[in-house]
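Encoded as structure tokens, the structure appears first; notes follow it.
The values are calculated or read from the model by the stated rules, or taken from the named source; none is laboratory data. If you're wondering where the values come from, they're calculated on a predicted model, not measured in any experiment. Don't worry about glycine lacking a Cβ; one is built from the backbone with ideal geometry, like all the others, and counts go over all protein chains shown. In case anyone asks, the SASA skips ligands and DNA or RNA and just uses the protein heavy atoms, side chains included. Shrake-Rupley method; radii C 1.70, N 1.55, O 1.52, S 1.80 Å.
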Amino acid sequence: MSASEAGSQCSRCCGDLITSVVMPQDDEHGRPIHLELCAACDADTPAAGALIRFFGAGGGHHAGRGQESARLLMEWTKEGVAAHGWSWQETPPGQQ
């Protein structure tokens with residue numbers, strides 16, 4: 001179920017969310033980091049915009065587009081955590 005089906009609103013514009021996730025790490029103030037995907041707020045950012053276009057074209061309803069979906073979701077996640085000053089690590093610290 002997408003965030004908009006659940007009735008979630010964007011914290012920035014109060015519009016409908018396409019989806020949202022809570023990262024497993026807190027921000028510098030100890031609050032959970034929430035990544036939100038909103039067509040109104042995120043269409044102009046590279047990774048989020050690509051994911052919005054993917055969902056808009058019905059890509060989320062095609063089993064054959066699973067790899068594309070996974071790649072776009074990962075790029076959106078990387079873009080979102082970078083906005084919080086973080087970078088994505090393929091291997092968790094201490095497990096390298």
- Could you check how many residues of segment 42-56 are aliphatic (A, V, I, L, M) and buried (at least 18 other Cβ atoms within 10 Å of the Cβ)? 4
- Which residues, counting only those in segment 15-36, are out of contact with any Asp or Glu (no Cβ under 7 Å at 6 or more places or on another chain) and farther than 15 Å from His84 by Cα? Gly15, Asp16, Ile18, Thr19
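Any residue in segment 57-77 that is open to solvent by less than 30 Å² (accessible area, probe 1.4 Å) and among the charged types (D, E, K, R)?
Looking through segment 57-77, none of the residues is open to solvent by less than 30 Å² (accessible area, probe 1.4 Å) and among the charged types (D, E, K, R).
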- Spot the failing condition for Val22; the list is (1) in a helix (DSSP H, G or I); (2) surrounded by fewer than 16 Cβ atoms within 10 Å (Cβ to Cβ), and only one is missed. (1)
- Note on the structure: Going through (1) surrounded by fewer than 17 Cβ atoms within 10 Å (Cβ to Cβ); (2) within 12 Å of the chain's Cα centre (by Cα) one by one, Ala39 fails only at (1)
- For Gly80, indicate whether it is touching a residue at least 12 places away in the same chain (Cβ under 8 Å) and surrounded by 13 or more Cβ atoms within 10 Å (Cβ to Cβ). yes
- Message: Every residue in segment 64-89 that is in a helix (DSSP H, G or I) and touching a helix residue (DSSP H, G or I) at 6+ places or on another chain (Cβ under 6 Å), please.
- Response: Arg65, Leu72, Glu75, Trp76, Glu79
- Search segment 50-68 for residues that are within 11 Å of Ile18 (Cβ to Cβ) and of a type in the set (A, V, I, L, M) and pair each with any residue that is open to solvent by 70 Å² or more (accessible area, probe 1.4 Å) and not in a loop (DSSP other than H, G, I, E, B) when their beta-carbon atoms are under 8 Å apart and the residues are at least 6 apart or on different chains. Leu51/Glu75
- Message: When you check His34 against the structure, is it open to solvent by 50 Å² or more (accessible area, probe 1.4 Å) and part of a loop (DSSP other than H, G, I, E, B), yes or no?
- Response: no
- Query: What pairs come up if the first residue lies in segment 19-36 and is touching a residue at least 12 places away in the same chain (Cβ under 8 Å), the second is in a loop (DSSP other than H, G, I, E, B) and of a type in the set (Asp, Glu), and their beta carbons are under 6 Å apart, counting only those six or more places apart or on different chains?
  - Reply: Ile33/Asp27
